[in-house]
Amino acid sequence: QLWVKTSIGIVQWLAFQGRPFSGHDETPKSKNRGNFLEMIITLASYNDKDEQVVLENSSKSAKYTSPTIQKEILHVIASKVWSKIREDIRDSKF
(Lines give C-alpha, C1' and ligand atoms only; values in the text may rest on other atoms or scores of the structure.)
Protein backbone atom coordinates (compact mmCIF):
# COMPACT_ATOMS: atom_id res chain seq x y z
CA GLN A 1 0.00 0.00 0.00
CA LEU A 2 1.30 3.37 -1.06
CA TRP A 3 0.08 5.22 2.02
CA VAL A 4 1.65 2.75 4.42
CA LYS A 5 5.00 3.31 2.69
CA THR A 6 4.40 7.05 2.69
CA SER A 7 3.57 7.05 6.41
CA ILE A 8 6.73 5.05 7.15
CA GLY A 9 8.83 7.45 5.09
CA ILE A 10 7.35 10.49 6.82
CA VAL A 11 7.93 8.99 10.27
CA GLN A 12 11.55 8.21 9.34
CA TRP A 13 12.15 11.72 8.04
CA LEU A 14 10.53 13.49 11.00
CA ALA A 15 12.43 11.30 13.49
CA PHE A 16 15.75 11.82 11.70
CA GLN A 17 15.18 15.58 11.66
CA GLY A 18 14.05 15.61 15.30
CA ARG A 19 10.80 17.31 14.34
CA PRO A 20 7.46 17.07 16.17
CA PHE A 21 4.83 14.93 14.50
CA SER A 22 1.56 16.46 15.63
CA GLY A 23 0.15 19.94 15.77
CA HIS A 24 -2.01 21.70 18.32
CA ASP A 25 -5.07 21.52 16.10
CA GLU A 26 -5.27 18.58 13.69
CA THR A 27 -8.89 19.13 12.67
CA PRO A 28 -9.61 19.32 8.92
CA LYS A 29 -10.32 23.06 9.13
CA SER A 30 -6.98 23.90 10.79
CA LYS A 31 -4.47 25.90 8.74
CA ASN A 32 -1.56 23.90 10.18
CA ARG A 33 -2.39 20.33 11.17
CA GLY A 34 1.14 19.39 12.27
CA ASN A 35 4.17 18.14 10.38
CA PHE A 36 2.96 14.57 9.80
CA LEU A 37 -0.46 15.45 8.37
CA GLU A 38 0.80 18.46 6.43
CA MET A 39 3.45 16.31 4.75
CA ILE A 40 0.81 13.74 3.78
CA ILE A 41 -1.33 16.52 2.32
CA THR A 42 1.64 17.91 0.39
CA LEU A 43 2.69 14.53 -1.02
CA ALA A 44 -0.88 13.66 -1.98
CA SER A 45 -1.26 16.95 -3.84
CA TYR A 46 1.31 15.76 -6.42
CA ASN A 47 -1.01 13.02 -7.67
CA ASP A 48 -4.77 13.37 -8.26
CA LYS A 49 -5.43 9.68 -7.53
CA ASP A 50 -3.60 9.90 -4.20
CA GLU A 51 -5.33 13.13 -3.24
CA GLN A 52 -8.72 11.44 -3.65
CA VAL A 53 -7.96 8.68 -1.12
CA VAL A 54 -6.14 10.40 1.75
CA LEU A 55 -7.27 11.75 5.10
CA GLU A 56 -10.93 12.81 4.99
CA ASN A 57 -11.46 11.02 1.67
CA SER A 58 -10.22 7.62 2.90
CA SER A 59 -12.02 5.05 4.97
CA LYS A 60 -11.58 5.50 8.70
CA SER A 61 -9.58 2.27 9.09
CA ALA A 62 -7.20 2.97 6.19
CA LYS A 63 -5.75 6.38 7.03
CA TYR A 64 -2.55 5.18 8.74
CA THR A 65 -2.23 8.60 10.37
CA SER A 66 -3.21 8.10 14.00
CA PRO A 67 -0.65 8.84 16.72
CA THR A 68 -0.82 5.15 17.65
CA ILE A 69 0.22 4.10 14.14
CA GLN A 70 2.96 6.75 14.10
CA LYS A 71 4.33 5.44 17.41
CA GLU A 72 4.19 1.83 16.21
CA ILE A 73 6.15 2.72 13.07
CA LEU A 74 8.67 4.65 15.16
CA HIS A 75 9.01 1.68 17.55
CA VAL A 76 9.76 -0.69 14.66
CA ILE A 77 12.39 1.71 13.32
CA ALA A 78 13.96 2.09 16.79
CA SER A 79 14.06 -1.70 17.24
CA LYS A 80 15.88 -2.10 13.93
CA VAL A 81 18.42 0.57 14.91
CA TRP A 82 19.05 -1.07 18.30
CA SER A 83 19.45 -4.48 16.66
CA LYS A 84 22.01 -3.08 14.23
CA ILE A 85 23.93 -1.36 17.04
CA ARG A 86 24.01 -4.59 19.10
CA GLU A 87 25.15 -6.53 16.05
CA ASP A 88 27.96 -4.06 15.36
CA ILE A 89 29.10 -3.93 19.00
CA ARG A 90 29.00 -7.69 19.56
CA ASP A 91 32.34 -8.28 17.80
CA SER A 92 34.01 -5.07 18.95
CA LYS A 93 36.53 -4.77 21.75
CA PHE A 94 36.15 -2.01 24.29
Checklist entry - Checking residue 86 against (1) outside any helix (DSSP H, G or I); (2) at pLDDT 85 or above, which single condition isn't satisfied? => result (1)
Checklist outcome for this item: Residues in the stretch 1-28 that are loosely packed, with under 10 Cβ neighbours inside 10 Å and either modelled with pLDDT under 85 or in contact with a Pro (Cβ under 9 Å, 6 or more places away or on another chain) (or both) total 4
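The values are calculated or read from the model by the stated rules, or taken from the named source; none is laboratory data. None of the values given here were measured: they were computed from a predicted structure. A quick note on method: Cβ atoms are made from the backbone with ideal geometry, for glycine too, and the neighbour counts reach across all protein chains shown.
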